[in-house]
Amino acid sequence: MAVSSRILSLGTASYVVLTLSILLLILPTGQASLGIDQSILEISVTDYNGHGNISVLARNTDCWKCKFIEIGVVPAEPGAQQNLTLYANHSTIVKLSLIPEDDNSSEFLCRQEIDVTEHAYYQLMVSSSTSGEANASCELITIDEGKDGYMPILYMFLCLTGLALLWILIKLVLRCNYCRFSDSSVNDALVQSDLGSTHSVSTGNRPETKKSRIKSLDAFRGLSLTIMIFVNYGGGKYWFFAHSAWNGLTVADLVFPWFVFIMGTALAFVFSLHHRKGKSKMQLCIQIIIRCIKLFVLGLMVNSTSGNDLSKLRIPGVLQRFSLTYLVVALTELTFSYGYTKQVLSEEPRWYHSLRDVIYFWPSWLIALTLLALHTIVTLAIPYDMNGCPTGYIGPGGISEEGKHFNCTGGIAKYIDLKVFTQNHIYQYGTCKKLYQCSGTDPEGLLGTLTSIFLCFLGVQAGRILVTYTSVKARITRWITWAVVLGAIALLLTCASQNEGWIPLNKNLWSASFVIALAAMAYFLLCFLYVVIDVKEYWTGAPFIYPGMNSIFIYMGSETLGNLVPVSFLVSNTHLTQLFMNLWSTTFWVLVAAYMHYKNIFINV
């Protein structure tokens, strides 16, 4: 243990010093004239004279069926010019129209699509047309191509690779068996430490166990939590580390659903453990209800960090969604599945044995599929009265579809939240505001809880496979089968399209296709981690197993203390500095989790 202590101390110190050194090196001394992802478009009029003004309109190509928005006005006379700001990462269509001085109508001049890069400088020259096919001629000139805004990601990768190599070098030099520190063979009472233990805090020496812990579950949960913290801190202000504006999928959209999935997976182990210990259903029911109340209250505490005015306190939230999902899934499993053992089916036909992890739990599946069907029917078929919105509308509203449904963001999902929570108690800053200019909807709203429960049930199924089958081949085969089947269903529902499918992928609404697609990915990821960590033992799961074993505590800490030094501090507004700042903030909580693991401190709810 003394050698392990030296390794942890040296590794931690090296990690901190190297990361902070990089941060100090990348801090610029001054602010750039352009912000993150901004570029300049100069509109210059040469020999064109239209006796009026030229209206400059723009539309982001990612804005589905959006109308053009005016971003500037230039006099239609030779020598006139105007500098406008464009945003990078997406193509922008620029359209010029002439507005005569004595008429309210407009006359189309020209149209140009620009593939914008960060800090670029573009010039659009407007002159009289000589072809007779258009009213004006527009020529796009790139004066400055800008810079590659994705290079900081390479820097981050090199930094992390260097830290990993440094850690390996320390182990080789000190000739220490790293497994003595990273061994996760803890008491069965700590299996899935944040997902069902009856103790608030567990400390002390780890007792010997005959069966080793499945560390891939901790690594899965810890990986999801680590990415969640990183994107919540800003993700370097890259669009793919932020949530999708509406339909679609980004890295940030993956982690919360995966956490819900692995919560279900852990539940199968927790109930199996409690059954072996002889706990009654009444005891577990009380424990489940108490835990759900704790999670909900903790969620309200997280929401209050942005303001403690009870008249404007947001009621839905991440931990609140966990609470309601856990309540329904745990009570369903307790009622219909508690006490299941493999010996129950020893006399059944052989084909029945191969499907026993599904058939035996048919009541749970009936409830799960009913909730999924209810969500779909309510979303697509139930009429409601909100600003004249059509039944089945699931779009972003705002300027989408030429602004026809401006105040219909989220459809009936938002309508239900407004009726239950009221406007002041739901999320006010929707992800669609910037792109679609919409009013936003709560991504952890009430209706989405139904599909969240279904996703958790799919996670429970992954846990049942682990409990039911001891063969590695059987487990992997079934996980891959579930992943393929669910992936095919998601492709069918979306028609392999971002916006044109029957039910598009949508994290804001937790659409049926979204949770099914995320479950498919989760099965693949769980299978990969299980093989690499538990079967082949190529990797110990570190450092992700550490936050995975104290997940609620680490999440609460990152949400409530995230803006305090030394967790974070003010840096200049560039991708490079923001990325390394967010990386450091995430690293801080991983180090806290590693220290707690080293000290055998496990805080559970």
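Summary table
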| read-out | value |
| --- | --- |
| Close pairs from region 372-391: first closer than 14 Å to LEU509 by Cα, partner surrounded by 12 or more Cβ atoms within 10 Å (Cβ to Cβ) and of a type in the set (Phe, Trp, Tyr), Cβ under 8 Å, at least 6 apart | LEU372/PHE454; HIS375/PHE454 |
| Residue within region 470-488 that is touching a strand residue (DSSP E or B) at 6+ places or on another chain (Cβ under 9 Å) and either in contact (Cβ under 8 Å) with a residue 40 or more places away in the chain or among the aromatic types (Phe, Trp, Tyr) (or both) present | no |
| Matching option when the condition is at pLDDT 90 or above, among the aliphatic types (A, V, I, L, M) and touching a Pro at 6+ places or on another chain (Cβ under 6 Å), among ALA593, ALA517, ALA488, ALA522 | ALA593 |
| All positions within region 215-244 that are without any contact (Cβ under 8 Å) to a residue 60 or more places away in the chain and more than 20 Å from LEU591 (Cα to Cα) | PHE240, PHE241 |
| Every residue from region 213-235 that is among the small types (Gly, Ala, Ser) and either assigned to a loop (DSSP other than H, G, I, E, B) or at pLDDT below 90 (or both) | GLY234 |
| Selected residue (criterion: least open to solvent (accessible area, probe 1.4 Å)) from residues of region 296-318 that are assigned to a helix (DSSP H, G or I), in contact with a helix residue (DSSP H, G or I) (Cβ under 7 Å, 6 or more places away or on another chain) and in contact (Cβ under 8 Å) with a residue 40 or more places away in the chain | VAL302 |
| Restricting region 135-146 to residues that are modelled with pLDDT of 80 or more and either open to solvent by 60 Å² or more (accessible area, probe 1.4 Å) or not small (Gly, Ala, Ser) (or both), the residue that is nearest to the chain's Cα centre (by Cα) | GLU145 |
| Helices (runs of 4 or more DSSP H) contained in region 339-397 and holding at least 2 residues at pLDDT 90 or above, open to solvent by 30 Å² or more (accessible area, probe 1.4 Å) and closer than 23 Å to CYS456 by Cα | 362-381 |
| Cross-chain or 6+ apart pairs with Cβ under 8 Å, region 275-290 first and under 13 Å from VAL328 (Cα atoms), then among the aliphatic types (A, V, I, L, M) | CYS285/LEU331; CYS285/LEU334; ILE288/LEU327; ILE288/ALA330; ILE288/LEU331; ILE288/LEU334; ILE289/LEU327 |
| Number of the condition not met by HIS243 [criteria: (1) outside any helix (DSSP H, G or I); (2) open to solvent by less than 10 Å² (accessible area, probe 1.4 Å)] | (2) |
| Output for region 420-459, where each listed residue is touching a Lys or Arg at 6+ places or on another chain (Cβ under 9 Å) and outside any loop (DSSP other than H, G, I, E, B) | ASN424, HIS425, GLY448, THR449, SER452 |
| Residue in region 46-69 that is touching a strand residue (DSSP E or B) at 6+ places or on another chain (Cβ under 6 Å), acidic (Asp, Glu) and in contact (Cβ under 8 Å) with a residue 24 or more places away in the chain present | yes |
| Filter result (open to solvent by less than 70 Å² (accessible area, probe 1.4 Å) and in a loop (DSSP other than H, G, I, E, B)) within region 398-412 | GLY398, ILE399, HIS405, CYS408, THR409, GLY410, GLY411 |
| Residues within region 57-90 that are closer than 26 Å to GLY395 by Cβ and of a type in the set (Gly, Ala, Ser), tallied | 2 |
| Test for THR449: is it crowded, with 19+ Cβ neighbours inside 10 Å and polar (S, T, N, Q) | yes |
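The values are calculated or read from the model by the stated rules, or taken from the named source; none is laboratory data. Nothing here was measured: the structure is a model prediction, and the numbers come from that model. Neighbour counts are summed over all protein chains in view; Cβ atoms, including those assigned to glycine, are modelled from backbone coordinates with ideal geometry. The accessibility values were calculated without ligands, DNA or RNA, using every heavy atom of the protein model including side chains. Shrake-Rupley method; radii C 1.70, N 1.55, O 1.52, S 1.80 Å.
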